[in-house]
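A quick write-up on the structure given underneath.
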Amino acid sequence: MASIFAHAFTAYALSKGFSKEIKTRKLWLLGILCAILPDADVIGFKFGIAYEDFWGHRGFSHSLVFAIILGIVVTSIFYSKKIASKTGVLLILYFSLCTASHGILDAMTTGGLGIAFFSPFDDTRYFFPWRPIQVSPIGASKFFSVWGIKVLLSELIWIAIPAGIYILVMRYRNRKTTFTQPNDQNTK
């Protein structure tokens with residue numbers, strides 16, 4: 001799996017595509033929660049759920065169906081007044097994309113089992129053919145080691161730099177749009 005930092009930063013970066021009215025701390029905190037939540041499945045190890053099981057690590061909680069369900073649930077709970085609008089659809093899409101980004105990043109790592117993208121319809125685990133991201137260890141004690149440093153360096157190159165570039169492009173786009181929009185007082 002990619003680290004919690006990479007999943008969180010990806011969700012934060014994705015939030016930068018929204019307008020000022022929607023782009024709030026609440027939006028990106030919920031997006032980060034959606035991006036991290038699929039790894040809650042590691043709790044299953046404590047209850048004897050095997051890695052390769054439906055509810056195992058990288059199983060259903062990493063699927064596209066789970067991502068869509070979570071996107072709908074989060075939008076329904078936290079943006080209930082907007083759910084039936086164009087904004088509501090965009091919020092569902094954002095939260096679903098944040099959740100799905102978790103599996104996408106994990107499918108680009110160098111270890112573990114693949115991702116059950118199509119669960120519950122197909123429990124086959126998949127990796128992408130290109131897997132440049134160093135797999136993160138499960139557990140904090142293992143993360144704070146040489147392995148953890150290698151993971152962070154790998155994520156810096158393959159996740160943080162591209163996401164940072166996306167953030168800068170969105171900032172530039174938003175600034176340019178702000179300067180080119182006509183002033184309401186001058187158009188009357």
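What percent does the relative contact order of the stretch 14-109 come to when contacts are Cα pairs within less than 8 Å and at least six residues apart? Let's see the in-between values first.
Numbers: 108 pairs, mean separation 29.6, N = 96.
It comes to 31 percent, rounded to a whole number.
On the principal axes of its alpha carbon atoms, the chain extends 67, 36, 29 Å, with the longest extent given first.
Under 8 Å for C-alpha pairs, at least 6 residues apart: give me the relative contact order for the chain, rounded to a whole percent.
Values: 280 pairs, mean separation 45.6, N = 188.
Computed value for the chain: 24 percent relative contact order.
How many Å² of accessible area per residue for the chain, probe 1.4 Å?
Details: 10880 Å² over 188 residues.
Solvent-accessible surface per residue comes out at 58 Å².
Qualifying trypsin sites (Lys or Arg not before Pro) in the stretch 1-48, where qualification requires a DSSP coil assignment and no more than 16 other C-beta atoms within 10 Å, comprise K20, K23. In sequence order, the stretch 126-137 has phi-based couplings of 10, 10, 7, x, 9, 10, x, 8, 5, 5, 7, x Hz under the Karplus curve 6.51 cos²θ - 1.76 cosθ + 1.60, θ = phi - 60°, and Gly or Pro positions carry x.
For the chain, the membrane-span-like helices by this rule, meaning whole DSSP H stretches whose C-alpha atoms cover at least 20 Å of axis and whose Kyte-Doolittle mean is -1.0 or above, are 64-78, 86-106, 161-180; this says nothing about an actual membrane.
Label sites at I161 and K86, each approximated as a point 7 angstrom past Cα along Cα to Cβ, lie 3.8 nm apart.
Cα centroid separation, the stretch 79-156 to the stretch 7-25: 17 Å. Accessible surface of the chain, 1.4 Å probe: 70 percent of it comes from carbon and sulfur atoms. Amide H contacts of I115: Y126, F127, each under 5 Å away and 5 or more positions distant or on a separate chain (H built 1.01 Å from N in the peptide plane; Pro and chain starts excluded).
The values are calculated or read from the model by the stated rules, or taken from the named source; none is laboratory data. Worth saying up front: this structure is predicted, and the values here are computed from it rather than measured. When we count neighbours, we look across all protein chains shown, and the Cβ atoms used for this are built from the backbone with ideal geometry, even at glycine. Side chains are part of the model used for accessible areas, which takes the heavy atoms of the whole protein and leaves out ligands, DNA and RNA. Shrake-Rupley method; radii C 1.70, N 1.55, O 1.52, S 1.80 Å.
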